[in-house]
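A short worksheet on the structure shown next.
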Amino acid sequence: MHTALLQSSGRPGDVAHNLRVLDDAARAAAANGAGLLAAPEMFLTGYAIGDDVPKLAEPADGDSADAIAEIATRHGLAVAYGYPERDGETVYNSVQLISADGTRLANYRKTHLFGCFERDHFTPGDQPVVQAELAGLRVGLMICYDVEFPENVRAHALAGTDLLLVPTAQMHPFQFVAESLVPVRAFENQMYVAYVNRTGQEGEFEFVGLSTLAGPDGVARARAGRGEELVSADVDPAFLATSRENNPYLRDRRPGLYASLV
């Protein structure tokens, strides 16, 4: 499945503008043969929106979800996007995956909140593994800081995730996560990892870009620079199967020795 990563911060606080950016990216990705487009963490509203988080938060089946379902259907590709999710009085930092026919396939709530801003404005999710079937692949969802906890990604590996989508708002000086950690996570867990970041200055945050699609061999299939960019690469089930056959990490685990980890 050809997979596109939209590295963009859109326009913070302007949902209508960000939907137009997503529409343009979906058009370009589809023209390049992509079956999936992934956008960054909090792409719908912007990340550094402060006390506007509760005002701009929407339910998983809200108006913007309908608009993105229409974009997915019109361009014939699945779309994953980050957004602030409202559920009653509770707000989560979430990512939703919508299929090419407009079906809402999966919704994940960030389980590990980073920094005072996130802890002040969001409630952490409590479901570590959220998956959906897409084009013959088992696709998992995660957000930014979550991928830095090896237990999280290993849980996905044990649940059979083939492609892990990680919308992120990764900032300076932590660019080593995109450069080094993400390819290692893909290798040690034998999966593809799509890490799609914001870029540029946004309030007090400086996002570093470097969006990456890493394969199970630890090699980046696509890597963006520091600016606005749309990059893409293939997620190959045949290569994944061969890699899993040749790499013994998951088979050689000894869970009985790991009880002290929890």
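Calculated [222 nm] ellipticity per residue, helices only, for the chain: -7500 deg cm²/dmol; basis is -39500 (n - 2.57) per DSSP H run with n ≥ 4, divided by all residues, nearest 500. Within region 182-262, all pairs of alpha-carbon atoms sorted by distance into 5 Å bins from zero give the percentages 3, 15, 18, 16, 13, 12, 10, 7, 4, 0. Pair-distance distribution of region 100-219: all C-alpha pairs, bin width 5 Å, starting at 0; shares per bin in whole percent are 2, 12, 21, 24, 20, 14, 7, 1, 0.
Only Lys, Arg, Asp and Glu carry charge here, each on its Cβ (+1 for the first two, -1 for the last two); on that basis region 107-251 has a dipole of about 260 debye about its Cα centre. In plain terms, the chain is cut at each of the trypsin sites (Lys or Arg not before Pro) found in a DSSP loop with at most 13 other Cβ atoms within 10 Å, and the longest leftover piece is 1-250.
When the Cα atoms of the chain are aligned to their principal axes, the ranges along those axes come out at 49, 42, 33 Å in descending order. Projected onto their three principal axes, the Cα atoms of region 205-249 cover extents of 41, 20, 12 Å, largest first.
The H on the amide N of residue 222, modeled in the peptide plane, is under 5 Å from the matching H of 213, each at least 5 residues off or on a different chain.
Restricting attention to region 110-262, close to 65% of DSSP beta bridges with both partner residues there are antiparallel. Of the residues 67, 84, 38, the one whose Cα sits farthest toward the positive end of the charge dipole of the chain, with +1 on the Cβ of Lys and Arg and -1 on the Cβ of Asp and Glu, is 38.
Surface composition of region 54-190: carbon and sulfur atoms hold 51% of the protein heavy-atom accessible area at a 1.4 Å probe.
Only beta bridges with both residues in region 19-105 are counted; by DSSP, about 70 percent of them are antiparallel.
With the cut-off at under 19 Å, measuring from each backbone N in region 21-61 to a point 7 Å along the Cα-to-Cβ line of residue 70 picks out 21-28, 44-45, 58-61. Each label point was placed 7 Å from the Cα along the Cα-to-Cβ direction; for residue 51 and residue 180 their separation is 4.1 nm. Solvent-free Debye calculation, one equal scatterer per alpha-carbon of region 1-104: log10 I(q)/I(0) at 0.21 Å⁻¹ equals -1.01.
Over region 63-111, the ratio between the Cα radius of gyration and 2.2 N^0.38 Å evaluates to 1.15. Each of residue 32 and residue 11 was given a label point 7 Å from its Cα along the Cα-to-Cβ line. The distance between the two points is 2.4 nm. The charge dipole of the chain, taken about the Cα centre with unit charges on the Cβ atoms of Lys, Arg (+1) and Asp, Glu (-1), comes to about 700 debye, rounded to the nearest 20.
Counting DSSP beta bridges with both partners in region 58-127, what percentage is antiparallel, nearest 5? Just about 95 percent of them are antiparallel.
The values are calculated or read from the model by the stated rules, or taken from the named source; none is laboratory data. This is a predicted model, so every value here is computed, not measured. As a convention, Cβ positions derive from the backbone with ideal geometry for all residues, glycine included, and neighbour counts pool all protein chains shown. Calculation scope for accessible area: heavy atoms of the full protein, side chains included, ligands and nucleic acids excluded. Shrake-Rupley method; radii C 1.70, N 1.55, O 1.52, S 1.80 Å.
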